[in-house]
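Below is one structure, written out as structure tokens; the observations come after it.
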Amino acid sequence: MNSQCIAGPGSELKRAEAEGGGHADKAAAAGATLSRSALLDEWRAGRAELAAALRDTSWDHAFPWSMSEVTPALMTPLRLMETWAHGQDVFDAVGVTHPPTERLQHVASLGVLGRALSFAAVGLAAPAAPFRIELTAPDGRIWAWGPEDAAQRVEGGADDFCLCVTRRRPRSETDLTATGEDARKWLEVARVFL
């Protein structure tokens, strides 16, 4: 993503919307033609450009994004989530453990916020009952969302929750526990993207 997307609907955004999923494939193919150093320089320049644009943009400013709108306050953790999730793909591909850090709280928060999206993505109405989510952070603290007395509960490691909501691991390959039918169903369909 470049700063044009924050400033307004530039040609890059229009091209991405017109090409759909093929846009990312074209960008990846173009990047694959570059030398490693040139590609790294391009990524670093893009990161610096985006950081500068974010510093100059109000956190509640809505801008077009993938046939919708998003604010920098939401887009920033979404990009962190994507970076973490795709980084996990690389760690998995080379068979190396991806050590969890406190930054997972951003991904976990998106997972919690994405509960309704998870159900909508599979054509189901989001349950009305409140949920309680308690995750063990990498440092042993508990991150919690929702009322303590909620009947629908999800508990487990923050790393496993993030792997589940980014669809990197099915619930069966995590330590997550669900209490309540709606909580069990959520972990089956959990996602933070469409």
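The values are calculated or read from the model by the stated rules, or taken from the named source; none is laboratory data. This one's a predicted model, so the numbers in the text were calculated from it and none came from an experiment. For accessibility, only protein heavy atoms count, side chains too; no ligands or nucleic acids. Shrake-Rupley method; radii C 1.70, N 1.55, O 1.52, S 1.80 Å.
Here the range 35-194 carries DSSP beta bridges of which approximately 60% are antiparallel, counting only pairs with both residues inside. Over all distinct Cα-Cα pairs of the range 133-194, the Kirkwood formula returns a hydrodynamic radius of 11.7 Å. Taking a ≥ b ≥ c as the square roots of the eigenvalues of the Cα gyration tensor of the range 31-136, is the shape rounded (a/c under 1.5), prolate (a/b larger than b/c) or oblate? Taking the square roots of the gyration eigenvalues as a ≥ b ≥ c, the range 31-136 is oblate. Pairs of Cα atoms nearer than 8 Å and 6+ residues apart set the relative contact order; for the chain it is 16 percent. Per residue of the chain, the DSSP helices (runs of n ≥ 4 H) give a summed -39500 (n - 2.57) that works out to -16500 deg cm²/dmol at 222 nm. Take every Cα pair under 8 Å whose residues are at least 6 apart in sequence, average their separation, divide by the length of the range 20-120, and the relative contact order is 15 percent.
Extension gain for the segment Arg15 to Leu113, taken as residue separation times 0.36 nm less the Cα-Cα distance, is 32.4 nm to one decimal.
In the range 137-194, Cα pairs under 8 Å separated by at least six residues give a relative contact order of 36 percent.
Run a plain Debye calculation on the range 23-81 (Cα atoms as equal point scatterers, no solvent) and give log10 I(q)/I(0) at q = 0.12, 0.18, 0.22, 0.27 Å⁻¹, rounded to two decimals, same order as the q list. One equal scatterer on each Cα of the range 23-81 leads to -0.39, -0.80, -1.00, -1.11. Between the alpha-carbon centers of the range 126-187 and the range 91-111, tell me the distance in whole angstrom. Using only Cα atoms, the two centres lie 16 Å from each other.
The mean accessible area for residues of the chain, using a 1.4 Å probe and ignoring ligands and nucleic acids, is 57 Å² per residue.
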